[in-house]
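Below is one structure; the comments refer to it alone.
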Amino acid sequence: MEIKNLEQRHYSDVARIYQQAIDAGNITLATKTSPWESWDNDHLKNMRFVALEDNAVIGWVALSPVLQRTGYHGVTELSIYIDENHHGKGIGKILMQHIIDSSEQAGIWTIMSFIFPENDKSIALHKKFGFNHLGTQHKSAQLKGVWMDNCILERRSTIIL
């Protein structure tokens, strides 16, 4: 397996993996994937990577700005998704370490994640990498007409702060 910068040519696989999460129904609030242009504009250009196995995308990770205000340029939101056929192989750990190392090299001091409480595996992965549970937003958004809670997790760099 190798980690590469996520490029437009990878996006059909990135969208396919994201659609798997959408279809699972308890991982994301999204109900459909975005076109490349929207996705590209929403994610930091130097903070998005794919995991490749035999040149096939098997997972991806990316950071998005949380707020556009100047003082928040080092605060980001994490997206990390693994192809459902490759769960349990440690790909999430490898991608998580890669994004943390890359983000700190780029001067990013905070990575946030918003995770449904029932997504135990994602919460456990985040906690292994030093994310703290800040709290839970109750009934923060609706998914297909159902109010969903969101756990807010945050990792602060120990290098930058």
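Pull out the extension gain between N132 and T158, defined as 0.36 nm times the separation in residues minus the alpha carbon to alpha carbon distance; nm, one decimal. All intermediate terms of the calculation are to be shown ahead of the outcome.
Details: separation 26, 0.36 × 26 = 9.36 nm, distance 1.32 nm.
So the chain would gain 8.0 nm between N132 and T158.
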How large is the dipole of the range 2-114 about the Cα centre if only Lys and Arg carry +1 and Asp and Glu carry -1, each at its Cβ, rounded to the nearest 20 debye? 220
Taking R0 as 35 Å, what FRET efficiency do you get between N55 and A124 from their Cβ-Cβ distance, rounded to the nearest 0.05? 0.70
Inter-site label distance for Q68 and E37 at 7 Å from Cα along Cβ, in nm: 1.7
Among the lysines, which fall within straight-line cross-link reach of K128, defined as a Cα-Cα distance under 19 Å, with same-chain neighbours fewer than 8 residues apart omitted? K89, K93
I need to check one value: relative contact order of the range 53-127, counting alpha carbon pairs closer than 8 Å and at least 6 residues apart, in percent. 31
In a Gaussian network model of the chain with springs linking alpha carbons closer than 10 Å, the residue among P65, P117, P35 that fluctuates most is P35
Need the list of lysines near K45 for cross-linking: C-alpha distance under 18 angstrom, and skip anything on the same chain fewer than eight residues off. K4
Residue-span extension gain [L29 to K45] - 0.36 nm each, minus C-alpha spacing: 3.5 nm
Answer with one residue from A106, G74, H43: the one whose Cα lies farthest towards the positive end of the charge dipole of the chain, charges on Cβ with Lys, Arg +1 and Asp, Glu -1. G74
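Is it possible to state the helix-based mean residue ellipticity at 222 nm for the chain, with each DSSP H run of 4+ residues giving -39500 (n - 2.57), the sum divided by total residues, to the nearest 500 deg cm²/dmol? What is it? Write down the numbers at each step before the final one.
Numbers: 4 runs with 45 residues, N = 161.
After summing the helix terms and dividing by residue count, I get -8500 deg cm²/dmol.
With the cut-off at 22 Å, report for the range 2-114 the share of all Cα pairs above it, as a whole percent.
Working: 1829 of 6328 pairs.
Roughly 29 percent, rounded to a whole number.
Throughout, read-outs are computed from the coordinates displayed, never taken from laboratory work. Since we're looking at a predicted model, the values are computed, not measured. No Cβ is skipped: glycine too gets one built from the backbone with ideal geometry, and neighbour counts run over all protein chains shown.
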